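Colleague: Below you'll find the structure I mean.
Values quoted throughout were computed directly from the atomic coordinates according to the rules given, and no laboratory measurement underlies them. This one's a predicted model, so the numbers in the text were calculated from it and none came from an experiment. A quick note on method: Cβ atoms are made from the backbone with ideal geometry, for glycine too, and the neighbour counts reach across all protein chains shown.
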Amino acid sequence: MTRVALVTGGTRGIGAAICRALKEAGYAVAANYGGNDEVAEAFSKQTGIPVFKWDVSDFDACADGIAKVEAALGPIDVLVNNAGITRDTTLHRMSKEKWHEVISTNLDSMFNMCRHVIEGMRSRSYGRIINISSINGQKGQVGQTNYSAAKAGIIGFTRALAQENAAKGITVNVIAPGYVNTDMMKDLREDVLQGIIDTIPVGRLGEPEEIADSVVYLASEKSAFITGATLTVNGAQYIAS
């Protein structure tokens with residue numbers, strides 16, 4: 001039986017790598033995206049992975065989008081909540097809008113997406129939910145009170161949801177990446193980028209494929225006894241207790 005996987009924010013960066021890795025592992029994959037139609041269409045053409053556009057911060061849009069994915073591919077067995085945004089500034093300069101945009105997209109989306117798949121997973125006694133947090137949700141980061149709060153909230157959300165559904169064959173886990181070699185990092189000034197790399201004991205950025213490989217494992221049958229866990233993938237930049 002081919003399992004169906006849905007990845008939010010799945011057409012760029014880490015999300016795109018996750019989609020490719022899951023497809024290579026034999027899943028039927030759907031990629032959600034929120035904005036860039038040109039990039040999404042190019043990704044779908046290149047990979048053969050169908051793309052579905054909706055705003056993960058909108059509860060009703062998530063219901064409609066998930067219904068379309070399931071109509072096209074079948075019931076969702078694996079949900080990867082990867083979509084996220086940044087609106088960085090220090091708190092004393094942060095607008096209400098910048099706070100709510102990040103909380104809505106990065107944290108409210110956990111409820112919006114999981115709520116619409118959890119009953120089906122429970123009825124089938126199987127599911128894998130993998131939520132992408134961040135090193136900055138574990139340690140905090142200057143200029144990211146909104147982002148750090150949302151990414152920390154994902155960890156608490158995951159731990160609670162894991163306990164609620166463990167007896168139903170559903171695992172719920174977090175991956176907390178460190179700094180990864182995506183387009184966002186490539187846009188940094190060379191000295192700023194080197195300053196970040198200097199704080200990473202392994203001496204380099206992570207690769208999107210390394211995050212994707214972790215997702216594939218947590219999505220697999222082999223990970224059935226792992227739930228409520230936070231997997232840090234950060235090159236020992238931050239070691240959580």
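Colleague: For THR232, list long-range residues whose amide hydrogen, built 1.01 Å from N in the peptide plane, is under 5 Å from its own amide hydrogen.
Modeller: Result for THR232 returns ALA176.
Colleague: Taking the Cα centre of the chain as the origin, how large is its charge dipole in debye, to the nearest 20, when only Lys and Arg (+1) and Asp and Glu (-1) carry charge on their Cβ atoms?
Modeller: 520 debye
Colleague: Please report the spacing between the Cα centers of the stretch 2-80 and the stretch 129-174 in Å, no decimals.
Modeller: 20 Å
Colleague: Counting other Cβ atoms within 10 Å, keep those with at most 15, restrict to DSSP loop, and tell me which trypsin sites (Lys or Arg not before Pro) in the stretch 135-218 are left. Display every interim value, and only then the final one.
Modeller: Working: sites: LYS139, LYS151, ARG159, LYS168, LYS186, ARG189, ARG204; in loops: ARG189, ARG204.
Counting only loop positions with at most 15 other Cβ atoms within 10 Å, the trypsin sites (Lys or Arg not before Pro) in the stretch 135-218 are ARG189, ARG204.
Colleague: Calculate the dipole size of the stretch 93-177 relative to its Cα centre from +1 charges on Lys and Arg beta carbons and -1 charges on Asp and Glu beta carbons; express the result in debye to the nearest 20. All intermediate terms of the calculation are to be shown ahead of the outcome.
Modeller: On the way: 11 positive and 5 negative charges, 27 e Å.
Around 140 debye, computed over the stretch 93-177.
Colleague: Check the straight Cα-Cα distances from LYS151 and name the lysines below 25 Å, setting aside those fewer than 8 residues away within the same chain.
Modeller: Cross-link targets: LYS53, LYS96, LYS98, LYS139, LYS186.
Colleague: Moving on to the next point. Compute the label zone of ARG124 within the stretch 15-38: residues whose backbone N is under 13 Å from the point 7 Å along Cα-to-Cβ.
Modeller: 27-30
Colleague: Please give the FRET efficiency for ALA240 paired with GLU101, using the beta carbon to beta carbon distance and R0 = 30 Å, rounded to the nearest 0.05.
Modeller: Using R0 = 30 Å, I get an efficiency of 0.65.
Colleague: Could you calculate the FRET efficiency of ASP187 with GLU38 from 1/(1 + (r/R0)^6), where r is the beta carbon distance between them and R0 is 22 Å, rounded to 0.05?
Modeller: Working from the Cβ atoms, E equals 0.75.
Colleague: Residues with beta-carbon under 12 Å from that of MET185, excluding MET185: net charge, scoring Lys, Arg +1 and Asp, Glu -1?
Modeller: Surrounding charge for MET185 is -1.
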